[in-house]
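None of the figures in this text is laboratory data; all of them are computed from the coordinates on show. All figures in this text were calculated on a predicted structure; none of them were measured in a lab. Quick reminder, even Gly has a Cβ in these numbers, built from the backbone with ideal geometry, and neighbours come from all protein chains shown.
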Amino acid sequence: MELKYSTKNLWEVFNHDEVFSFGDSYKDFISKAKTEREVVHYLHKEAEAKGFKDLFQNEMGNKVFAINDNKNILLIREGSESVENGLNFIFAHIDSPRIDIKQNPIYEGADIVLFKTHYYGGIKKYQWVTMPLALHGVIILKDSTKLELNIGEEENDPVFVISDLLPHLARKQMEQNAREVIQGEALDPIIGSMPDSEFEKDKFKTKILKILNEKYGIVEEDFISAELTLVPAEKARDVGFDRSAIASYGHDDRICAFTAAKALFDAENPKKTIAVMLFDKEEIGSDGITGAQSDFLDYAIEKYMSMKGIKNVSAREVLHKSYGISADVNAALDPLYRDAFEEQNSAIFGHGVVVTKFTGSGGKYSASDASAELVFKIRKLFNGNNVPFQVGELGKVDIGGGGTVAKFMAERGISVIDIGPALLSMHAPFEIVSKVDLYSTYIGYKVFLEKFE
Ligand code: MN
Ligand code: MN
């Protein structure tokens, strides 16, 4: 009998070839899908290729998808049991911290043209300066053409860069609190510096407007109806001599979106009806039409049941019978910042997918706290199906905290628990994950979808 509890480093457990090849497929996704729209587009194409039908086009089959406002996607696969018995859900979010372009953004100063911006989500602002940024998003022109922009990802594309004060002149800046070192209004990238000699006034700004008009047909007013965002221009890269980790923008939380969607596509003979629901706006409170607090999930499940002709049970009842994983990232113990962690209850890099009983902060405020019974079901499921996992709590008790979409799913009566991989440098432009943690997340989600009951 094993008296003591311990976890293993999974490089000593997993087949390395499987881990590396899974890492490669993830790197392709995470390097391409850098906004919620791009994730929805990527998975929409993949779902269609796999024969999924469009629920909102009144199509039906044993595999369907539903898309909301280009920023949510719900994937459903029928199981051998009726949906009346509830679903096994995985919920994740596909928005990540970033820098959004304001609605009237272009200005010039000191012969340099810049975009005014408004950052999105919890960032350490000083991390986003002096690095290559790419512009992603949509802009809807006067004639209603919807342009999708993606500038800065190709090797020959220009990039956008936010400047920072040289150390020689930064004595005052360096004395500031880190929160104030870079001001929100100083996160404006350089977008040009060439004059248009035909003009006297605003000749640098005019040059950029002319280029935008010649190249894309854009006029300045079009920025009013745009959603443009700056994201790190880097592609995902292997980390270390041993290539054991992946650094990328947007692991939080697209790593869970990817592993969940892949688990749903790959699941063999699921018993329950299984679903993956991807939300937007988690990083700013889950509000709005595409956030986890919106009515979309309830509406889509109601629609799914009516398309299946189920009348004796309500969608509400089905949700109350359902179980869900709130698939989001946790923090791995960082050897450079051990002080922020309570080591015995922190996730260890490489020790597998993390089961987080509760989130929240302070005295567990705003926590969704999974019951001991639910944790036991997961423990039994994972132990019985060779899914190595660990438990984790986000940092020391009084040091901070965070939440996920779990509490909004719990409000619907879904029994929910947080499960996902642990990252280093969460919310930074370049976050780090261990390849074995990535892989164990995938197999954990797949086992949950196939077998949880
Ligand atoms: Mn997250
Ligand atoms: Mn986050």
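Details
- Spacing of the two label points (7 Å from each Cα toward its C-beta) at THR130 and LYS235, in nm: 2.7
- Extreme residue, positive dipole direction of the stretch 199-299, given options ALA247, LEU264, ILE274 (C-beta unit charges): ALA247
- In a DSSP loop and with at most 13 other Cβ atoms within 10 Å, the chymotrypsin sites (Phe, Trp or Tyr not before Pro) in the stretch 267-340 are TYR337.
- Lysines with Cα under 23 Å of LYS201, excluding same-chain neighbours fewer than 8 positions away: LYS102, LYS116, LYS210, LYS215
- The chain, Rg to Rh (Cα coordinates; Rh as Kirkwood inverse mean 1/r): 0.99
- FRET efficiency for TYR119 and ASP17, using Cβ-Cβ distance with R0 set to 41 Å, rounded to 0.05: 0.50
- Cβ-derived FRET efficiency at R0 35 Å, SER306 paired with ASN383, nearest 0.05: 0.35
- Placing +1 on each Lys and Arg Cβ and -1 on each Asp and Glu Cβ, with no other charges, gives the stretch 98-232 a dipole about its Cα centre of roughly 500 debye.
- Here is the list for the stretch 119-202: trypsin sites (Lys or Arg not before Pro) lying in DSSP coil, each with at most 12 other C-beta atoms within 10 angstrom of its C-beta, are LYS142, LYS201.
- DSSP-assigned coil residues among GluC sites (Glu not before Pro) in the stretch 105-194, each with at most 15 further Cβ atoms within 10 Å: GLU154, GLU155, GLU175
- Test item: Cα-centred dipole of the chain, Lys/Arg +1 and Asp/Glu -1 on Cβ, debye: 920
- Pairwise FRET efficiency - GLU317 versus GLN57, Cβ, R0 = 30 Å, nearest 0.05: 0.70
- Taking amide H as placed 1.01 Å from N in the peptide plane, the amide H of SER346 sits under 5 Å from that of GLU393, each at least 5 places away or on another chain.
- Relative compactness, the stretch 1-69, computed as alpha-carbon Rg over 2.2 N^0.38 Å: 1.71
- Taking a ≥ b ≥ c as the square roots of the eigenvalues of the Cα gyration tensor, the stretch 331-389 is oblate, since a/c reaches 1.5 or more and a/b is not larger than b/c.
- Under 5 Å, built H, 5+ apart or other chain: amide partners of LEU149: GLY137, VAL138, ILE139
- Taking other Cβ atoms within 10 Å as a rough exposure proxy, LEU169, LEU147 sort from fewest to most as LEU169, LEU147.
- Length added when fully stretched, LYS396-LYS146, from 0.36 nm per residue minus Cα-Cα: 85.3 nm
- Distance distribution P(r), the stretch 109-201, all Cα-Cα pairs, bin width 10 angstrom from 0: 13, 35, 34, 14, 3, 0 percent.
- Shape of the stretch 166-254 from the C-alpha gyration tensor: oblate (a/c of 1.5 or more and a/b not above b/c, with a ≥ b ≥ c the square roots of its eigenvalues).
- Degrees separating the helix 251-266 axis from the principal Cα axis of the chain, which is the longest one: 50
- Using C-alpha pairs under 8 Å with a sequence gap of at least 6, the mean separation divided by the residue count of the stretch 159-229 gives a relative contact order of 22 percent.
- Segments 239-251, 204-216 sorted - mean Cβ within 10 Å per residue, highest first: 239-251, 204-216
- 222 nm mean residue ellipticity, helices alone, for the chain (DSSP H n ≥ 4; -39,500 (n - 2.57); rounded to 500): -8000 deg cm²/dmol
- Extension gain from GLU155 to ASP111, taking 0.36 nm per residue of separation minus the Cα-Cα distance: 13.2 nm
- In the chain, the longest principal axis of the Cα atoms and the axis of helix 435-451 are about 50 degrees apart.
- Stretching ALA178 away from ALA49 to a fully extended chain increases their span by 41.7 nm, per 0.36 nm per residue minus the current alpha-carbon distance.
- Pair GLU81, ASP266: separation of 7 Å Cα→Cβ label points (nm): 2.4
- By the count of neighbouring beta-carbon atoms within 10 Å, fewest first, ILE99, ILE443 end up ordered ILE443, ILE99.
- Relative contact order, percent, the chain [alpha-carbon distance under 8 Å, six or more residues apart]: 22
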